[in-house]
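To start, the structure under review is shown below, and the notes come after it.
The values are calculated or read from the model by the stated rules, or taken from the named source; none is laboratory data. Source: prediction; values computed, not measured. All Cβ positions, even for glycine, are placed from backbone atoms using ideal geometry, and neighbour counts span all protein chains on display.
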Amino acid sequence: MNTRNGQVKKGERLARRIARAGVCSRRQAERLIAEGRVRVNGRVVDTPAINVTEEDEILVDDTPLPRPEPVRLWRYYKPRGLVVSERDERGRPTIFDSLPPDLGRVITVGRLDLNSEGLLLLTNDGRLARALELPSHGWRRRYRVRAFGNISPSALEALKEGIEIDGVRYGPIEATLDRAEGANKWFTFVLREGKNREIRRICEHLGLKVNRLLRTAYGPFQLGALKKGEVVEVPRKQLKEQLGRLLDEIENANGP
């Protein structure tokens, strides 16, 4: 960690700064540093464990680092059959294979599993992604769920107190039966955490087999009329209205 006159130098980690400039992911930035391809103020660095500020000159492969873009957020309708990952070890198609090439490097806010669809938020800022995922912010995720099976109203009502399955504790969930459709039923699930495959595991525990899962909202951001595979940027005005102080804190930390 950098020091100056015995004091810790303020700023941010070098790898994060490279990633925030849109050059590559943080993990890839760490590899570039280890390979000796990054210079800070004329000196080759071999560790990402240093802090840098906007005053530092950073070169990657002898090219100056571009200045970070303003924080941006997009709404994306993730179709079924795509993995939410930059690459998949089993060779399955990922969302990044289908996103518009001019979108640039983006980070997902949370995930949707392979067979789930609907609203997925994308951002160019890792700090914003992490903040929006925190349960402490209390953002509600809303899902439309089609499932086969029967369940009593009291079992749905009990989910408001949370539930424990195989040693995993799930927080309070609002679940309502909307309508029947042949042998299937449509439900609305609202939750604040979004653990891995949470809705599917809870439904299975209750004797329901999910055959369609669609996220319709994440906090104040709605799926709306988006078509499958479509990406639409959240207007700057709406972003400031919805994120308020959080956006200010992130952009102030990012520097001018």
- Query: Residues in the stretch 82-139 that are exposed (fewer than 13 other Cβ atoms within 10 Å of the Cβ) and of a type in the set (Ser, Thr, Tyr): how many?
  - Reply: 1
- Message: If a residue must be surrounded by fewer than 18 Cβ atoms within 10 Å (Cβ to Cβ), part of a loop (DSSP other than H, G, I, E, B) and at pLDDT 90 or above, how many such residues does the stretch 27-46 contain?
- Response: 5
- Item | Hits in the stretch 9-28 (condition: hydrophobic (A, V, I, L, M, F, W, C) and either within 14 Å of ARG67 (Cα to Cα) or not assigned by TED's automatic domain parsing to the domain that holds GLU57 (or both)) | LEU14, ILE18, ALA19, ALA21, VAL23, CYS24
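Would you point out which residue out of PRO79, PRO93 is under 18 Å from the mean Cα position of the chain (by Cα), assigned by TED's automatic domain parsing to the domain that holds ALA225 and within 30 Å of ARG141 (Cβ to Cβ)? Even if it seems obvious, please write down each step before you answer.
Working: PRO93 fails: under 18 Å from the mean Cα position of the chain (by Cα).
On inspection, the qualifying residue turns out to be PRO79.
I need a count of the residues in the stretch 101-130 that are assigned to a helix (DSSP H, G or I), of a type in the set (A, V, I, L, M) and out of contact with any helix residue (DSSP H, G or I) (no Cβ under 7 Å at 6 or more places or on another chain). Steps first, please.
Filtering the stretch 101-130 down to residues assigned to a helix (DSSP H, G or I) leaves 101-103, 126-130.
If we keep only those that are of a type in the set (A, V, I, L, M) too, we end up with 103, 128-129.
Retained after the next criterion (residues that are out of contact with any helix residue (DSSP H, G or I) (no Cβ under 7 Å at 6 or more places or on another chain)): 103, 129.
Within the stretch 101-130, residues that are assigned to a helix (DSSP H, G or I), of a type in the set (A, V, I, L, M) and out of contact with any helix residue (DSSP H, G or I) (no Cβ under 7 Å at 6 or more places or on another chain) number 2.
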